[in-house]
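Working notes, beginning with the structure itself.
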Amino acid sequence: MTSGNRAAPPRLGSERDTLRAFLDHHRATLAMKCEGLTDEELRKQSMPPSTLSLLGLVRHMAEVERAWFRRVFEDNDAPMVWSDKVDFQAAYDASTSTRDEAFTAWEAEVRHSRRIEREADTLERTGYQPRWGQEVSLRMVMVHVLLEYGRHNGHADFLREGVDGTVGA
């Protein structure tokens, strides 16, 4: 596991540059936690009754990216990736998933999210969060997704250690 693809967030910079950099740092961290593992290792679950796995986290974060960027700012009715309804738990079932399937979906959603963020004139841009029935700002969405990555990268730390003993950033 290397940290070569992770750029450090800026120590000085605008709010937007800082949010963008921290999001990308956490996205790269999730990918880094999965480096060098086989599909079987990526599917290895934590401890019962949890079915959480590294591949499940990647799938879940694809759903998070879609639900908070694409569905809020472009298409409120865009289908979720792995469920017919908004069911974030469905993504955690990676029992038949592969690295290629999960990462292809996740990377596509990250590209959409980055494009949406970069095209917005301001962090005050609003979109409609259909699950809440309320408008939200791009700033709020970026912070929310950043917190999601922070929480789930903590899970990824433990999951990776359980797979092969690797620890570290």
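The values are calculated or read from the model by the stated rules, or taken from the named source; none is laboratory data. These figures come from a predicted structure and were not determined experimentally. As a convention, Cβ positions derive from the backbone with ideal geometry for all residues, glycine included, and neighbour counts pool all protein chains shown. Accessible surface is based on the protein model in full, side chains and every heavy atom, while ligands, DNA and RNA are left aside. Shrake-Rupley method; radii C 1.70, N 1.55, O 1.52, S 1.80 Å.
Worth pointing out:
- Summed over the stretch 128-142, residues that are surrounded by 15 or more Cβ atoms within 10 Å (Cβ to Cβ) and either assigned to a helix (DSSP H, G or I) or of a type in the set (S, T, N, Q) (or both) total 7.
- Residues in the stretch 115-125 that are under 21 Å from residue 80 (Cα atoms) and either not in a helix (DSSP H, G or I) or not β-branched (Val, Ile, Thr) (or both): 115, 117.
- Helices (runs of 4 or more DSSP H) wholly inside the stretch 1-82 containing at least 3 residues that are at pLDDT 95 or above, open to solvent by less than 10 Å² (accessible area, probe 1.4 Å) and within 21 Å of residue 94 (Cβ to Cβ): 15-34, 54-65
- Number of the condition not met by residue 47 [criteria: (1) free of Cβ contacts under 8 Å to residues at least 60 places away in the same chain; (2) touching a Pro at 6+ places or on another chain (Cβ under 6 Å)]: (2)
- Number of the condition not met by residue 148 [criteria: (1) open to solvent by 70 Å² or more (accessible area, probe 1.4 Å); (2) among the charged types (D, E, K, R); (3) in a helix (DSSP H, G or I)]: (1)
- Unmet criterion (only one of (1) over 17 Å from residue 57 (Cβ atoms); (2) surrounded by 12 or more Cβ atoms within 10 Å (Cβ to Cβ)) for residue 156: (1)
- Flag for residue 117 being acidic (Asp, Glu), out of contact with any Asp or Glu (no Cβ under 9 Å at 6 or more places or on another chain) and open to solvent by less than 50 Å² (accessible area, probe 1.4 Å): yes
- Residues of the stretch 125-156 satisfying the condition of being of a type in the set (Val, Ile, Thr) and more than 30 Å from residue 167 (Cβ to Cβ): 126, 136, 141
- Count of residues meeting criterion [of a type outside the set (Val, Ile, Thr), exposed (fewer than 14 other Cβ atoms within 10 Å of the Cβ) and either in contact (Cβ under 8 Å) with a residue 12 or more places away in the chain or not in a loop (DSSP other than H, G, I, E, B) (or both)] in the stretch 83-114: 4
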